[in-house]
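Okay, structure first, notes after.
The values are calculated or read from the model by the stated rules, or taken from the named source; none is laboratory data. Everything quoted here is computed from the prediction, not taken from an experiment. Here the Cβ positions follow ideal geometry from the backbone for every residue, glycine too, while neighbour counts run over all protein chains shown.
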Amino acid sequence: MNVVHHLPALLVITPLVGACVAFVAGRRVAPHVALATATADVVLAVLFAARVLAEGPFRYRIGGWGAPMGIDLVADGMAALFIVLTSIVGLVVTVYASGYFRSTDPTAYGHGLFWTLWLFMWTSLNGLFLTGDVFNVYVCIELVGISAVALVTISGGPDALRAGMRYLFASMLGAMTYLLGVALLYASAGAVDMATLSERLVPDTTAATGLALMVAALVLKTALVPAHFWLPTAHASAPTPVSAALSALVVKGSYFVVLRLMLDVMPDGYLPGAATLLGVLGAAAIVWGSVQALVQTRIKLLVAYSTVAQIGYLFLVFPLARNGRDVLALALTGALVHATAHGLAKGGLFLAAGGLITRFGHDRLAEMRGAARAVPVLTFAVALSGVTMMGLPPSGGFAAKWLLISAALTSGEWWWAVVLVVGGLLAAAYMFRLVAILIADAPAETAPAPKPVRTEWLPLALTAAAVLLLFAVPLISDLAAASTTLQSAGVTP
Amino acid sequence: MPERPRIRLVPLAASLAVFALVLRAVHALPDTATGLSAEMTAGAKASGIKNVVTAVLLDFRGYDTLLEIAVLMLATIAVLSLRTDPDALSRRISGVAGPVLGALTRAYVPIMIVVAGHLVWIGSSGPGGAFQGGAVLGAAGILLALSGFARPRWSSGAPMRWVLAVGLLTFIAVALLPLALGGTLLQYPDESRKSLVLLVEILLTLSIGASLTSLFLASASDTSEGERR
């Protein structure tokens, strides 16, 4: 058996085995199981990306049946990028969590189950990035949804339970609506495999309604304005490692499926108006999320609203994608760089915010003045994440905005470029406000650190990676060229 | 004072709009189905699993089922993660509530176990299978707990976690087996297809039954009505 041939399957099965073993082994052994699984997943993810870069996209036929009867996994550059991002953020979150849950109440029964739930979430994210089957997407989003809600409520506090309940309802509404859409699509086109669907799709009412429902459901799960109502409380009241995973990775899962549906499954001109609508909602998200982030008084809510804003950029790719293959390549690469940069920066920012909350014993921004003197590493991590979020050079966020603005100007739809610039200024406003509070010249009232906190370096590692991402842009652009979207559009790497 | 139910206009309007859209979409359906059922039936005949539902669930779309089993196990773990004391309900009910209940439960539970086994066995050729058998097994577990029979020691803690996970772990092992034989994930070798599917189904039945019982018992309130203030 050659591992390289089975990488897509192993990327789903490895964290799934880890989840089962962590559950059976019990709370003492579970952190070690999770760490071993996370390390193995990083190795598999890198091997997978290397293979896709070397050989281009390929399909993995589960059970040997092949689509449309069986389920195919689609291994392409876009999947590889998100899987590598998940493995890096995942490993950091796993290491951070082993410190985090040691310092919280060890007798809380639920905490022992964190590792199992977290590995289930990892399984479902990898499954989502790899699947080429719209029904299998449904099974994966159920797994993502249930594990995410359980992870939010794991601390058991009343705020977390209330936020988790709201998250659960939004999640179920999304999953059911999506399933309804799949049923209509199958009734019309007679297949659930994405590649088969893209060949068979005819513009009839049934298929169009089905696809519209599916995209709407995924937009709800991605928390695009105005369907963002569940996100800030859910992301802010979760335990810190969970907040980081939710903001950095989970919203990208459903976004990834929107990319597949809008750019791969639907032929040009299908669902007229949908692309423009998504772009307009994205622009609204950038403005609304940033304004909300500006007025928050609690640090985790500020960070969560910034996620609402940053999600908006990801949706600008859809209106731009209709302007020929050169603009499509620019816009898609820009969106992928942005998703990666935001994943790293926001993962790091949430971990840093969690570290500040631990040191101050509360989450009130106004009382965090002068934190820089007591916790310089965390403050530096916050500042670095700000660099990428505003899109200052040199950072991943800068490259993403540059690519998206180039796409907008090349296409002649200059107004999207205005949105991008305004978004950067608004991000600067809320990030400067946060950093100004932390570096203010005031004695900070932090609790003395109980022991040297090694985990403070983890958020810095992630935000620094987001800045250094600028140098990985050629790699991401190669991965984008190895995506099924750009290959079928005829863009040569 | 209980909150008065309010009619929320926005969700109501949204639901009605979706309903109208779906109605229009269903009305526009062609009269002849374009699904995959013909291919599936032919494939099931060739694979030796006569019940096409079982063939679809465990073979053609076995990957979906593998992840669905993960969903069920995850749901159980998610409910367990909310508990401060996962065995609260069984501790509250103690002692069998009367001779009739005790005698009936003693008579029914063995029959239910046999029915569950039968459903799994006939699943390869007719309606039945792991989900149906597991549902009957789960009901037997709930009946035992609610009638006040003492739980055996293995039904909580580490042994119970094994029972919950054994179905999924077996399924994963069987899914990975073809990789050593040169196939892809879940590509059962033709000669052992039937026996592998049966093995998976039997152990899945145990885990599904245990999951359903645990879900029910763990979602009971920590405190009984009388203890609330």
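Some notes on this structure:
- Number of the condition not met by residue A:140 [criteria: (1) in contact with a strand residue (DSSP E or B) (Cβ under 9 Å, 6 or more places away or on another chain); (2) over 15 Å from residue A:249 (Cβ atoms); (3) within 12 Å of chain B (Cβ to nearest Cβ)]: (2)
- Test: residue in segment A:27-43 that is farther than 27 Å from residue B:78 by Cα and modelled with pLDDT of 95 or more: yes
- Among the residues of segment B:55-68, the one identified as more than 10 Å from every other protein chain (Cβ to nearest Cβ) and either modelled with pLDDT of 90 or more or more than 24 Å from residue B:213 (Cα to Cα) (or both) is B:55.
- Every residue from segment B:28-53 that is of a type in the set (D, E, K, R) and either within 30 Å of the chain's Cα centre (by Cα) or within 11 Å of chain A (Cβ to nearest Cβ) (or both): B:39, B:45, B:50
- Annotation note: of A:67, A:150, the sole residue that is more than 9 Å from chain B (Cβ to nearest Cβ) and among the small types (Gly, Ala, Ser) is A:67.
- Residue A:165 surrounded by fewer than 20 Cβ atoms within 10 Å (Cβ to Cβ) and assigned to a helix (DSSP H, G or I): yes
- The listed residues are A:351, A:332, A:301, A:271, and the only one of them that is within 18 Å of the chain's Cα centre (by Cα) and surrounded by fewer than 24 Cβ atoms within 10 Å (Cβ to Cβ) turns out to be A:301.
- Among the residues of segment A:21-30, those that are assigned to a helix (DSSP H, G or I) and free of Cβ contacts under 8 Å to residues at least 40 places away in the same chain comprise A:21, A:24, A:25.
- With respect to the conditions (1) touching a residue at least 40 places away in the same chain (Cβ under 8 Å); (2) within 19 Å of the chain's Cα centre (by Cα), residue A:116 lacks only one, and its number is (2).
Residue by residue, here is whether (1) touching a Cys at 6+ places or on another chain (Cβ under 8 Å); (2) more than 12 Å from chain A (Cβ to nearest Cβ) holds:
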position: B:154; (1), (2): no, yes
position: B:164; (1), (2): no, no
position: B:169; (1), (2): yes, no
position: B:190; (1), (2): no, no
position: B:203; (1), (2): no, yes
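- Cβ-Cβ under 9 Å pairs, at least 6 apart or on other chains, segment A:177-199 side more than 9 Å from chain B (Cβ to nearest Cβ), far side part of a strand (DSSP E or B) and surrounded by 21 or more Cβ atoms within 10 Å (Cβ to Cβ): A:193/A:72; A:193/A:133; A:194/A:72; A:194/A:74; A:194/A:131; A:194/A:133; A:195/A:72; A:195/A:74
- Checked against the criterion of being exposed (fewer than 10 other Cβ atoms within 10 Å of the Cβ) and within 12 Å of chain A (Cβ to nearest Cβ), segment B:8-27 contains one or more residues that satisfy it.
- Selection status of residue A:89, under 19 Å from residue A:15 (Cα atoms), free of Cβ contacts under 8 Å to residues at least 40 places away in the same chain, within 18 Å of the chain's Cα centre (by Cα) and away from chain B (no Cβ under 14 Å): no
- Taking segment A:385-490 and the helices (runs of 4 or more DSSP H) fully enclosed by it, the elements with 2 or more residues that are touching a residue at least 60 places away in the same chain (Cβ under 8 Å) and of a type in the set (A, V, I, L, M) are at A:396-411, A:415-439, A:457-468, A:473-481.
- When A:82, A:120 are screened for being within 14 Å of chain B (Cβ to nearest Cβ) and assigned to a helix (DSSP H, G or I), only A:120 passes.
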